[in-house]
Every structure is written in structure tokens, then in C-alpha cells.
Amino acid sequence: MDFAPNSDQITLNSALDKLASKFASTPTEFRGFALVNPELAQELELGGFFDAAQIPELGPVSAAMMVERLARLPYTAEVALSMLVKAQLDRDWPRPLAVIENGRPGRFVAEAATLIILDGDKVGVISPARDAVESVDSLFAYPMGRLKKPLQYNPLPDAEAANIRKWLRIALAAEAAGLLQAALDAVTEHLTIRKQFGRPLGSFQAIHHRMAECTVLARGVRLLAIKAAWTGDAGDAAIAALHAQESAARVVYDLHQFVGAMGMTLEFPLHLWTYRLKALLSELSGRGGQAQAVAEHCFQ
Amino acid sequence: MEFEWNQQQKDFRATVRDFLATHLPDNWESIAHGPGSASQSDFSRQFCAQLADAGLLVPHWPERWGGRNADAWSAFILAEEMWAAGEPRGGQYMNVNWIGPTLMRYGTPAQQNRYIPPMAQGQTLWCQGFSEPEAGSDLASLRTKAERQGDHYCINGQKIWTSYAGEAETCFLLARTGAGKNGISIFLVPMDTLGITVVEIPSLIGEGDIHEVFFENVMVPASAMLGEEGQAWDIVRTALSLERVGIPRFALASRMLHRAVGTLKQHNRFHQGAVEQSARAQAACEAARLFSYEIIDQRQKGITAGPEASVARVATVNAERLVAEFVVEHLPESLAGGDPLLLAHHQRGIVAGIASGAAEIQLNLIATQLLQLPREPR
Ligand SMILES: Cc1cc2nc3c(=O)[nH]c(=O)nc-3n(C[C@H](O)[C@H](O)[C@H](O)COP(=O)(O)OP(=O)(O)OC[C@H]3O[C@@H](n4cnc5c(N)ncnc54)[C@H](O)[C@@H]3O)c2cc1C
């Protein structure tokens, strides 16, 4: 056991921090839902970050750490599937990747070069034609897209399908960990500054305890996600994704409560993380789906 | 104890439903989106006039002001049915529930004659100018100032989160005329008075809902004051006691829950996780409904609601939360180009624990007033 990153991982993380710092602040005039900047993915590509997980000293653990780190940014880009799922596909499919689950709208679908189709028990991978997809307006703070009509695909063999589902769970948990942490950071700052009744809101014990519990949840999601990336175990992946979705539901409610009406505006950037978390809440069949997977893999 | 409606209550609910069935147009779903939008406000003027003609706008008001002294149950049944239909009265629900009754109690004859008849006819929209950037939960710390200048007051300051301000004709405004809680007064201010600027706030909750309202040397005659100088806190407390259970949010939440479950069943997506969560949400809606009915029962019997009203509020917040969470988890397309009614409900539901007072403040009241726990040291 060793909970500290190795020296290669430290080097990678600090290079990523440097890149991320350029995308760390929300533009003051932004009043929208999905905040994107194509340069983020371009710089990650140029820096070789998408391929880092293939280097043996780094591995999927590093990928999970990078996904978590990047999810804390106000800007979003398709990172998680490229870093954690792409390497599991049968060949070198082009990025960005997106998931279509049971025909519903999905994150990054309109710009994806590769689509992973989840259709009941079946899983397929296709390259969609440009006109097969369209973007859709939404409250989710990701660019959302959908298929214009169902596409043909060849279902993967069961073992391959299960492996992809497993890495999708790890990707979801790693992304959620970063979103939870960023949302908590934003609200912690707000509670320190905002005063009511002559004192900072953050000094009320009613808030202390709930913020502290949210922190326990967020940190738990991070550890579980990174461990699952390390073991590549289906049970670990299911647990990480379940804890991510459970925590998301709880933390999103609490944080919006604590920011009050300000959190309903598009000016205060809380929704950038909470509405991403809401998007993740439904994925991979939601908490019920994760619980089934936990039952299957952890309680034989 | 009895949990059945009497015949008169059943008949009244049926009358309201019939009215909605015949007067709410099919395209209502698209108008409902954005409760403070211009289209919604226009629609509400037409719709409320029809309600007034049918005797369904202010049935619980005294006859003198166009009502028929209907009881607390009728008023609540009406509120439930309207909210469950997406609140086609828009911001006018405030006139009906508390602004009108407050003017009846505290207004001068001139104020009453000027403001109450247009409310009873469904022709006017008000906004509530309470919250300020630095005065949210701690409303008593508000700073907007009204200075006496001869027979006028000069108002300077800023309000925020003001619903319907973009469309309202009149503001029920709180402003400071002295120090402390007893230094706050109420002014009935026409929104077209010189010096008032309204700025819409882009939000998660739809078009036209919340605003900033700036007051710069706004001159109003002394006759615009409601009640005495410094009486605002008492008046507002009585006024809002009419609102204590709050909006019957559980009625729409429960209806939307049924709608979502129906859609899931239709598409063979009503699986184990969804079954359990929808059941929990339904239980929360029913608990909220019963708590609210308990308060109405007390009101009907002339008992002033105590901390039980906070219990009803918190239960309602729980119901909204579980329904909104259920829809996001199991019908996420509702937030991405899907069912506009479920989207509109989401946008209303997420403010349940914040608008008209944070749930945490209600929790404090339950702890100190119902449980009689000692207060947190300040
Ligand atoms: C959709 C919407 C419509 C609104 N419409 C109007 C309107 O028409 N007119 C109007 O005047 N106002 C309106 N409001 C404002 C509303 O009344 C305030 O949002 C509310 O009073 C809370 O104030 P705040 O948002 O400033 O939160 P803050 O006071 O900053 O509080 C933030 C959070 O801190 C916590 N908190 C605060 N105090 C305590 C405490 N003592 N103990 C424990 N926790 C605490 C709570 O979780 C609270 O939610 C509206 C708000 C919304 C969201």
C-alpha cells in the first residue's frame, strides 16, 4: 500500500496543473450552461496527456487523477472517456468519445468521433456520420447531443462489453470526484465571504456539519475512483460509481441550499459543476444500475 | 379524525378542475415556461379575468371586495389545483393570497379603492421588494432607505431576486425609515415611478423570473405608506402568516411524478431503482400534503399556526427534492429537449428550499420552537 503518487505521477500532475491553470477561471461575462474552450482538448493532445495512461509507470491511476483534476475546471472537455475508456476498445478509435445510453441525449455526442452505444445489455462502438447527430439545448452544463435516428452497430462479445462498462464506471467516478471537489471549493469560499446575521454563513454549525459530510463524500469518491482505476476490478468500479452518484445527489442539494438564491443565477458558477453532476446521476442506469453491479461483483 | 373531503369540498374541486379543463389552452405548456415572462404575464391577465368572472379568483375574500367569504379549505383547494396546473395565475397568486388581504386589513380607504378592485378583477401584477444583496435570510438588515422630504419620501437602494418585477405594476416594498427592526416601513410603489430600474437576472429557472430593482431618488407621496412608519415587521409577519404553509408545491410535484412514472412505464424503463425511488418520492409528497392540510385545518378552526407550519414547509422541500432527483436520474432527457412540463417543474422545484425563506431557517424554527431546544449562541 502506498497512497502517495510516484515520482512520474508527480511530474505528470504538475505539468497538468500548469496546463489547467490557464483554464481555471470562469470568464466574467459568461451566462450560459456549457462552458467549453476547444483549446483545452488541443493542449491536452499536444502535451500527450491523452496517451499518458499507456506509459507503464503512469497507468490508469494517473489517468483517473488527471480526469479528476480536469473535472475541477469551469471549462469542460471530453477527457474522461479518452483517458480511461479509449484504451480498452478493440482498436485505436478516434477521440472525442461519447456514450449513447438507450437512445437518450448524451454528453459530447454532437462532436464525438466515436460513439459507444449502450443498448440494454448490449454494447457497440461506431463512428457516427456527421449528420447522424445533433446538439440539443439543455440545463446540463455539458454540451449535449443526440442521435437523429437509431444507428446500426455490431454488439460486442459479453466479456468485452462488461469490460467497457467497467471502465465507463471508473471514468464516471473520477469525473464526479473532481466536480464534487470543485463545487465544494466554490461554496466554501462563498460561505467564508457571505455574511448574514452579522457573521459569515460558514460559521453556523448547521452548515459546518453538512459541509463536512459533503467533504467526506467527495473525498471518498476520489479514493474509490483511483483505487478502481488501479485494480481494474469490476466490483471496485461499481462501488466507485455508486458512491459517486449517491454523493452527487446529496452534495448537489446541500450546496445549492447554502448558496441560496445566488446559486440559481448563471453568474455564480455553481451550476457548472452541479448540473454536470446531475448529468452523471442518470448514467449507466443510475444508482439502481450501480447497485446491481455491486451485488453481482461484490456479494457472490 | 377524518380524512375524507365533504361534498361541498369535492364539488368545489370539481368546479375548479372543470374551469381549468375549459379555459387552459393546449399550448399552455409553452407559455408556462418562465413563470415571470411577458407572455406568461399577459396570459395571466386574460386567465385571471376569466377566473374572476367565474367567481374563482378570490372566493375567500369578503363580499365587499368581490369574494364570497369562502373558507380556508376552499382557498387551499383552489391553490392546489392552480399550482398543479402550472400556476396559470402567474404572479397574481400573491395578490390573491396575501397582498389583497393585507391591504384590506392595513390599507387606507384610498389605498384599498385604488389597488384592491384591479386585483379582484385579475388585472394587475405586483412584486415583492423585500430581499437585498446583503439582506436575504437576515431580512431585518435591509438597507434601502426612505427619507421623509415634506409630504414625500425619497427612496434609495437596491432590491434583488424580485420575482415578476419586469412585468409588475406595483411593488410591495420594504424600506428603512429608522434603525432596527422597528425602523422598517412598507411602501406601495408604482413600478413606473421615475428612478426605478429593473434588470433581469439570467438564471437556471427560466425566463423573466428574478430581477434586480434599483431605486435612485424615487419620490413617492407619504400616502404610499402602508400602515404606520416602522410598522412593516408586524404587518409582514401577519401577512406572511397567511402564506405560512407556502405554495402547495406537493400538488405539482406529485402530478409530475405520476407523469414521469407513466412515461417510464410506457417505454419499459420502470425498473427496480426507479420503482424504489418513485415510491419514496410519492411518500414524501403525501407526507407534505398531510402536513399542509393539518395547517389548513387549524386555520379553518381559527388557530394560528405555530412551528407546525415550518414542518409542512420542510416536508414540502423534501418532496420537491425527491421528485426532481427522480426525474433527473430516470428521465434525464427532461432537462435536454424532452418533456417541457417536466423541465418547467424542475426549474420550479429546485428553488423550493430557498425562495420565500431557506429550509435551514425553517429547521432552526422547528428545533427551537417545536423541540424547544436551546438557541445557538450568537
Ligand atoms: C426563485 C426565487 C424567487 C424569489 N423571489 C423573491 C421576491 O419576489 N421578493 C423577494 O424579496 N425575495 C425573493 N427571493 C429571495 C428569497 O427570499 C431569498 O433567496 C431567501 O430569503 C434566502 O436569502 P439568500 O438567497 O440571500 O440566502 P442567504 O441568506 O445568503 O443564505 C444562504 C443559505 O445559508 C443558509 N443559512 C442562512 N442563514 C442561516 C442560519 N441562520 N442557520 C443555518 N443556515 C443558514 C441557508 O442554507 C441559506 O439557504 C426569491 C428567491 C428565489 C430563489
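What helices (runs of 4 or more DSSP H) lie completely within the range B:1-111 and have 2 or more residues being among the aromatic types (F, W, Y) and touching a residue at least 60 places away in the same chain (Cβ under 8 Å)?
Qualifying helices (runs of 4 or more DSSP H): B:72-84.
Which strands (runs of 3 or more DSSP E) does the range B:125-164 wholly contain that include 3 or more residues that are more than 7 Å from the ligand (Cβ to nearest atom) and at pLDDT 95 or above?
B:145-149, B:152-160
Can we say B:V275 is more than 30 Å from B:S74 (Cα to Cα) and at pLDDT 95 or above?
Values: more than 30 Å from B:S74 (Cα to Cα): yes; at pLDDT 95 or above: yes.
Yes; evaluated as a whole, the condition is true for this residue.
Looking at the range A:190-210, is at least one residue more than 27 Å from A:A24 (Cβ to Cβ) and either of a type in the set (F, W, Y) or in contact with a Cys (Cβ under 9 Å, 6 or more places away or on another chain) (or both)?
Yes, because at least one residue in the range A:190-210 is more than 27 Å from A:A24 (Cβ to Cβ) and either of a type in the set (F, W, Y) or in contact with a Cys (Cβ under 9 Å, 6 or more places away or on another chain) (or both).
Run down B:A287, B:A279, B:A319, B:A336 and say which single residue is buried (at least 19 other Cβ atoms within 10 Å of the Cβ), out of contact with any Pro (no Cβ under 8 Å at 6 or more places or on another chain) and of a type in the set (A, V, I, L, M).
Sole residue among the options that is buried (at least 19 other Cβ atoms within 10 Å of the Cβ), out of contact with any Pro (no Cβ under 8 Å at 6 or more places or on another chain) and of a type in the set (A, V, I, L, M): B:A319.
Name the one entry in B:R255, B:R348 that is touching a residue at least 12 places away in the same chain (Cβ under 8 Å), basic (K, R) and either closer than 25 Å to A:R276 by Cβ or in contact with a Ser or Thr (Cβ under 9 Å, 6 or more places away or on another chain) (or both).
None of the other options fit; the residue is B:R348.
Quick grid of which residues meet (1) within 14 Å of the ligand (Cβ to nearest atom); (2) more than 7 Å from chain A (Cβ to nearest Cβ); (3) out of contact with any helix residue (DSSP H, G or I) (no Cβ under 7 Å at 6 or more places or on another chain):
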| residue | (1), (2), (3) |
| --- | --- |
| B:E320 | yes, yes, no |
| B:V327 | no, yes, no |
| B:A336 | no, no, yes |
| B:P340 | no, yes, no |
| B:A358 | yes, no, no |
| B:I361 | yes, yes, yes |
| B:I366 | yes, yes, no |
| B:L373 | yes, yes, no |
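Which numbered condition trips up B:K301, out of (1) more than 23 Å from B:L341 (Cβ to Cβ); (2) under 22 Å from the mean Cα position of the chain (by Cα); (3) away from chain A (no Cβ under 14 Å)?
Only one criterion in (1) more than 23 Å from B:L341 (Cβ to Cβ); (2) under 22 Å from the mean Cα position of the chain (by Cα); (3) away from chain A (no Cβ under 14 Å) is unmet by B:K301, namely (2).
B:I160 - would you say it is of a type outside the set (F, W, Y), over 15 Å from the mean Cα position of the chain (by Cα) and within 14 Å of another protein chain (Cβ to nearest Cβ)?
Yes.
In the range B:331-341, what residues are at pLDDT 95 or above and either out of contact with any His (no Cβ under 8 Å at 6 or more places or on another chain) or hydroxyl-bearing (S, T, Y) (or both)?
Across the range B:331-341, the qualifying residues are B:L331, B:P332, B:E333, B:S334, B:A336.
Somewhere in the range A:96-113, is a residue without any contact (Cβ under 8 Å) to a residue 24 or more places away in the chain, out of contact with any Ser or Thr (no Cβ under 6 Å at 6 or more places or on another chain) and under 30 Å from B:N268 (Cβ atoms)?
yes
Would you tally the residues in the range B:197-240 being more than 17 Å from B:A135 (Cβ to Cβ), within 14 Å of another protein chain (Cβ to nearest Cβ), part of a strand (DSSP E or B) and within 14 Å of the ligand (Cβ to nearest atom)?
So the count comes out to 2.
The values are calculated or read from the model by the stated rules, or taken from the named source; none is laboratory data. Note that the structure is a prediction, hence the values are computed from the model and not measured. Using ideal geometry, Cβ is built from the backbone for each residue, glycine included, and neighbour counts are taken over all protein chains shown.
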